[in-house]
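Every number in this text was worked out from the coordinates using simple rules, so none of it is lab data. Since we're looking at a predicted model, the values are computed, not measured. Here the Cβ positions follow ideal geometry from the backbone for every residue, glycine too, while neighbour counts run over all protein chains shown.
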Amino acid sequence: MTHDLDAALAGISGILVTPYDDAGEIAPGRLAPILDRALGAGMHMPVVNGNTGEFYALTTEEACTMVREVAALVNGRAPLLAGVGRGIHDACRLARASAEAGATALMVHQPPDPFVSPRGTVDYVKAVSDASGGLPLMLYLRNDAIGTKAIADLCAVPGVKGVKWATPNPMRLMEAIEACDPGITWVAGLAETWASTLYAVGARGFTSGLINIWPERSMEIHAALAASDYARAVRLIREIRAFEDIRAEELNGTNVTGVKAALQAVGLDCGPTRPPSAWPLTPEQQGRMQDFLRRNGLLDASEERQHA
């Protein structure tokens, strides 16, 4: 099935968790009910091997397995965005595995090496593209200190279709949009919380970890933004702040912890997170998470599943 990648990029990129079994090994099959609900709600594009998927806690072999298994679970129902990164050999190996699995496009993590040059990153992105056989690319930008010219150089690499903008700097985003090809989709990469702010300067679409728990609310937020109903979007986003605030604590070390703790609470256990992520939530954090889930009827849905 052919999918409209541009439309998907301007939609919700749902960053899937990586489930583990009781022995701590990856258990991708546990994503089935999460994916089914999210796709049923209208999620535009699932993302495997993203940061909410604990990409840097996985071995390259595990990441290759995840993209193969998630592609099979998606089974053509939506375009699949596959994260690749780390050292150049690992990134290229994962790019090849993602292409072979049937991924629609690649999300290229910004290299975490402490000695990264802008021109070296251009070479890195080109090598990943070549390894994939020319799959479309979304650049994952977490550090805009590289400057607008370097961003424009990266966006000029053939095959770049989108940028996941994951820095809280809307003015720099506006400069980057003006400096780059108008055909690139700039995705709000800081989840729902920042979506309305980044939309105001030209972003379209957003990433989401909430999609694992409450995809219907993510879709409501997207619909409000797509209709330029910022007042409604802001209200809907305000109502999920408790969830996102927990994820942002401990220097963002509870980002995935919050999602997996919520999944456990609603009966969709995907195991703990791996260190150095925090696990479990503190009793105080867990209490706030339970309040959030109960207040929004998500624990009721869990009880319905248990009695089905």
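Here residue 161 is the anchor, and the aspartates and glutamates within straight C-alpha reach of less than 14 Å, apart from those fewer than 8 places off in the same chain, are 4, 6, 153, 181. In this rough spin-label picture, where each label sits 7 Å from Cα along the Cβ direction, the residue 200-residue 239 distance is 2.2 nm. Of the peptides 34-44, 219-229, the ranking by mean beta-carbon count within 10 Å, highest at the top, reads 34-44, 219-229.
Once the Cα atoms are used to define both axes, helix 215-226 deviates from the longest principal axis of the chain by about 50 degrees. What is the helix-to-structure angle for 283-295, meaning the angle in degrees between its Cα long axis and the longest Cα principal axis of the chain, kept from 0 to 90 and rounded to the nearest 10? For 283-295 against the chain, the angle is about 80 degrees. Which of rounded, prolate or oblate describes region 5-217 when judged by the alpha-carbon gyration tensor and an a/c cut-off of 1.5? Taking the square roots of the gyration eigenvalues as a ≥ b ≥ c, region 5-217 is oblate.
Sorting the segments 115-121, 147-153 by their mean number of nearby beta carbons within 10 angstrom, highest to lowest, gives 147-153, 115-121. Net charge dipole, region 240-308: roughly 120 debye, given to the nearest 20, about the Cα centre with Cβ charges of +1 for Lys and Arg and -1 for Asp and Glu. Across the chain, Cα pairs under 8 Å and at least six residues apart give a relative contact order of 17 percent.
A crude spin-label estimate for the pair residue 294 and residue 21, with each label 7 Å from Cα along the Cβ direction, gives 3.5 nm.
Normalising the average separation of contacting C-alpha pairs (under 8 angstrom, six or more residues apart) by the number of residues puts the relative contact order of region 240-308 at 31 percent.
When shorter helices are ignored and each DSSP H run of at least 4 residues is given -39500 (n - 2.57), the per-residue value for the chain at 222 nm works out to -14500 deg cm²/dmol.
How would region 240-308 be classified by its alpha-carbon gyration tensor: rounded, prolate or oblate, with rounded meaning a/c under 1.5 and the a/b versus b/c comparison settling the rest? Before the final figure, lay out the partial values.
Details: a/c = 2.64, a/b = 1.53, b/c = 1.72.
Cα axes put region 240-308 in the oblate bin.
With a simple spin-label model that places each label point 7 Å from the Cα along the Cα-to-Cβ direction, the separation between residue 119 and residue 169 comes to 2.2 nm.
Helix 60-74 and the longest principal axis of the Cα set of the chain meet at an angle near 70°.
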